[in-house]
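Since the structure comes first, as structure tokens, the remarks are kept for the end.
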Amino acid sequence: MIHVTKPYMPDIKKYKSYVDKIYQSGYVTNSGVLVKELQERLALYLGVKNLLLVSNGTAALSIAYKLLELKGEVITTPFSFIATTSSLLWQNLRPVFADINPQSLNIDSKNIESLITKDTSAIVPVHIFGNVCEVEEIDKIAKEHNLKVIYDAAHAFGVKYKDRSVLLNGDISILSFHATKLFHTIEGGALIIDDDDLYEKAVAMINFGYRDGSVKLLGTNAKMNEFEAAMGLCVLDDIGMVRGKREVLYESYKVGLKGRVTFPKVSKNSELNCSYFPILFRDEEELLEVQKALNKRDIFPRRYFEQSLDSLKFLSKEQNMPISRDISKRVLCLPMYYELTKKEQNMIIGIIYEALESFSKTHYKAKEYL
Ligand SMILES: *Cc1c(COP(=O)(O)O)cnc(C)c1O
């Protein structure tokens, strides 16, 4: 069976040697040596100053909203993973959607300004599939209207914009290190906070508000543990190799499927990290035919993201984002992971070819009869 992704499993001997160390020290959590080591190495690798490891990406989003004291309405993208919107609702913030650009699939900066009201406190864009948002335009709007910007950069590990880390944009960026992501710690995430005072506040906030031995502010528990950090250290050792392999797969998909389906447009001045391989069909019918053909051969791509978030049942306000709803119905992410072989990939491309071919034939015939 081939799924859309498969967690990268590093050398087990190396992982075990870290586990031995954890057993010897008896120190399993609460900002231990491995969490500190991973934090430093990640900051260096990503080219950022202040990086704080946390229990997961969703917690990172929640902490970011609390740190920046968001209230009322937050402008965000309807095309993302559920956590971007649900984390806002979880803190009684009201998501206000700005429709996406049909080429980049990111929030369209041109749609933001008209949504700003006296109740707006922030913008939460997502670098979807690792494709960089219009960071300069968003920054300008935020400055003019005194809004905070939190980038959900869960897909953008290691992505650069104009030769520096994309994570340096906005007030805070968050990462997810879930097992399905490019770099992972089984479960985990990080906050990237440029402001030093805010960073120190975050350090306390993820540990019940403790600072210098006593509770100084309202906090929660969002700590990463030593076993997760050990996994991160092992995966980080291999990240160059993992990315290299994905780049090869990415190029082969592009060459193999060119002219058959549409690819999102890669933003200027940036490079993808090849986390995902999204393709766009002409309509949902075509997508379903291809999906069916792949499923028959035990290949399971994923409809990331099948539901446009403005159509969630538990939203209080009716909102309708036509571009996001249209894209959601005809986007499919193809299998993309380190262990995927060239042979398997060729098979996937072949099945897609065949399915598209027979679909267009029957369609054509149906039209002739009319
Ligand atoms: C994975 C993901 C998250 C949530 O991260 P977790 O670590 O799973 O909590 C948030 N936003 C986006 C866009 C994601 O893909």
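A compact table of results
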| read-out | value |
| --- | --- |
| Qualifying residue in the stretch 333-349 (condition: assigned to a loop (DSSP other than H, G, I, E, B), over 27 Å from Glu134 (Cβ atoms), open to solvent by 80 Å² or more (accessible area, probe 1.4 Å) and at pLDDT below 95) | no |
| Ser165, sole failed condition from (1) polar (S, T, N, Q); (2) open to solvent by 10 Å² or more (accessible area, probe 1.4 Å); (3) more than 15 Å from the ligand (Cβ to nearest atom) | (2) |
| Test: residue in the stretch 110-127 that is within 12 Å of the ligand (Cβ to nearest atom) and open to solvent by 10 Å² or more (accessible area, probe 1.4 Å) | no |
| Scope the stretch 265-290; condition open to solvent by 30 Å² or more (accessible area, probe 1.4 Å), part of a loop (DSSP other than H, G, I, E, B) and over 10 Å from Arg330 (Cβ atoms); matching residues | Lys265, Val266, Lys268, Asn269, Glu271, Leu272, Tyr276 |
| Set Glu289, Glu285: member being of a type in the set (Asp, Glu) and touching a helix residue (DSSP H, G or I) at 6+ places or on another chain (Cβ under 7 Å) | Glu289 |
| Residue under evaluation Phe81, criteria (1) away from the ligand (no atom under 16 Å from the Cβ); (2) out of contact with any Lys or Arg (no Cβ under 8 Å at 6 or more places or on another chain), criterion not met | (1) |
| Residue list for the stretch 170-197, restricted to those being open to solvent by 30 Å² or more (accessible area, probe 1.4 Å), more than 9 Å from the ligand (Cβ to nearest atom) and either without any contact (Cβ under 8 Å) to a residue 24 or more places away in the chain or under 12 Å from the mean Cα position of the chain (by Cα) (or both) | Asp197 |
| Lone unmet requirement of (1) touching a strand residue (DSSP E or B) at 6+ places or on another chain (Cβ under 9 Å); (2) farther than 27 Å from Ile279 by Cα; (3) not small (Gly, Ala, Ser) for Val132 | (2) |
| Pair list, Cβ under 6 Å, 6 or more apart: the stretch 60-71 residue under 19 Å from Phe177 (Cβ atoms), other residue among the hydroxyl-bearing types (Ser, Thr, Tyr) and open to solvent by less than 10 Å² (accessible area, probe 1.4 Å) | Leu61/Ser87; Ser62/Ser87 |
| Out of Pro95, Pro102, sole residue that is within 16 Å of the ligand (Cβ to nearest atom) and in contact (Cβ under 8 Å) with a residue 12 or more places away in the chain | Pro95 |
| Residues (open to solvent by 20 Å² or more (accessible area, probe 1.4 Å) and in contact with an Asp or Glu (Cβ under 7 Å, 6 or more places away or on another chain)) located in the stretch 323-332 | Ile323, Lys329, Arg330 |
| Meets criteria (part of a helix (DSSP H, G or I) and within 16 Å of the ligand (Cβ to nearest atom)) for Leu34 | no |
| Residues of the stretch 37-58 that turn out to be assigned to a helix (DSSP H, G or I) and under 22 Å from Asp238 (Cα atoms), as a count | 11 |
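Okay, residues lined up against (1) open to solvent by 10 Å² or more (accessible area, probe 1.4 Å); (2) of a type outside the set (Ser, Thr, Tyr):
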| residue | (1), (2) |
| --- | --- |
| Leu44 | yes, yes |
| Val48 | yes, yes |
| Thr58 | yes, no |
| Tyr65 | no, no |
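The values are calculated or read from the model by the stated rules, or taken from the named source; none is laboratory data. Since the structure is predicted, the reported quantities are computational estimates derived from the model, not experimental observations. Positions of Cβ are backbone-derived with ideal geometry, glycine not excepted, and every protein chain shown enters the neighbour counts. With ligands, DNA and RNA removed, areas are computed over all heavy atoms of the protein, side chains included. Shrake-Rupley method; radii C 1.70, N 1.55, O 1.52, S 1.80 Å.
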